[in-house]
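Asks: Please see the structure below; I have some questions.
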C-alpha cells in the first residue's frame, strides 16, 4: 500500500492539522510515494523493537522520534540511532501525537479503560467525566485500572465529583482545569505546589501507563477501515 493512501486514512481518523503548534506529528521518515508491505503500531521506538520490524514497512508511533530540527546526524543520540536503523531497513515512520490525544486517546482511556462516559471537553484536549467517589477510593480504582506503582497525589478534597484527564504530560495545563481532580503524568514539584495553592487535587497517572493504550486505540480504528496492523509492545523505560 502506498504511504500517501495510509496517511490519508490516518488524517481522516485524526486530522494532523489538530496537533499543537510545538508538536511534530506527520510523516517523519519516508516519502508519500513509497510503497510498504507491512504496517506496525507502537507507542515509541527502540532498537530492540526495530529488530522485530520487517524491511519495507511503515511504523505509526504516538511520540514523534524527531521533535526539534536535527543539526547533526552522528548516530550517537537516541533519535539518530533509531533513524539510522529505519533508513537501513527501508522503514518509514508516521507519528500521531497531540492530534490523536485530542480526537481519540483521552476518550479511549475514559471510556474503554476506566469505564466512564465523557461529560465535557475543554480546550480541545482536556476531557472531563463524572466520578462521585471518595478520593482514596478513586485512587485505588485508578491504581488497579492503570497499573500504577508509584503513588504521587495532591489531595485537596476528600470527595471527587468530577475529574479531568490529559494523558501523557499535561501538568502545565492545570490552571485550565475546572473540575475537582486532574489526572495526568509527569507532575513536577512546583506544579504540585501550584495545585495545592489553588485547591486542585491531582493524581499522577504516569506518562507511559496513561498512553500505552495508543496502539490498541489506533488498531481498532484501522480495523474499521479494513486495515490490518501488528502492534509492537513498547517498554516502560523506568521498568527494570
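Every residue, every condition in (1) surrounded by 23 or more Cβ atoms within 10 Å (Cβ to Cβ); (2) at pLDDT below 90, yes or no:
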position: 62; (1), (2): yes, no
position: 68; (1), (2): no, yes
position: 71; (1), (2): no, yes
position: 84; (1), (2): no, no
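Asks: So, residue 135, is that one more than 30 Å from residue 46 (Cβ to Cβ) and either surrounded by 16 or more Cβ atoms within 10 Å (Cβ to Cβ) or outside the structural domain of residue 110 (by TED's automatic domain parsing) (or both) or not? Walk me through how you get there before you give the answer.
Replies: Working: more than 30 Å from residue 46 (Cβ to Cβ): yes; either surrounded by 16 or more Cβ atoms within 10 Å (Cβ to Cβ) or outside the structural domain of residue 110 (by TED's automatic domain parsing) (or both): yes.
Yes.
Asks: While we're on this one: Among 193, 218, which is at pLDDT 95 or above, closer than 26 Å to residue 40 by Cβ and either outside the structural domain of residue 53 (by TED's automatic domain parsing) or in a strand (DSSP E or B) (or both)?
Replies: Being at pLDDT 95 or above, closer than 26 Å to residue 40 by Cβ and either outside the structural domain of residue 53 (by TED's automatic domain parsing) or in a strand (DSSP E or B) (or both) holds for just one of 193, 218, which is 218.
Asks: Any residue in the range 111-121 that is part of a loop (DSSP other than H, G, I, E, B), outside the structural domain of residue 13 (by TED's automatic domain parsing) and touching a residue at least 60 places away in the same chain (Cβ under 8 Å)? Working first, answer last.
Replies: Step one: filter the range 111-121 for residues part of a loop (DSSP other than H, G, I, E, B), giving 114-117.
With the extra rule that they be outside the structural domain of residue 13 (by TED's automatic domain parsing), the set shrinks to 114-117.
Checking which are touching a residue at least 60 places away in the same chain (Cβ under 8 Å) leaves us with none.
Checked against the condition, which is being part of a loop (DSSP other than H, G, I, E, B), outside the structural domain of residue 13 (by TED's automatic domain parsing) and touching a residue at least 60 places away in the same chain (Cβ under 8 Å), the range 111-121 yields no hits at all.
Asks: Out of 103, 98, which single residue is surrounded by fewer than 21 Cβ atoms within 10 Å (Cβ to Cβ), within 30 Å of residue 57 (Cα to Cα) and out of contact with any strand residue (DSSP E or B) (no Cβ under 7 Å at 6 or more places or on another chain)?
Replies: 103
The values are calculated or read from the model by the stated rules, or taken from the named source; none is laboratory data. Note that the structure is a prediction, hence the values are computed from the model and not measured. Cβ coordinates were reconstructed from backbone atoms using ideal geometry, including for glycine residues, and neighbour counts include every protein chain displayed.
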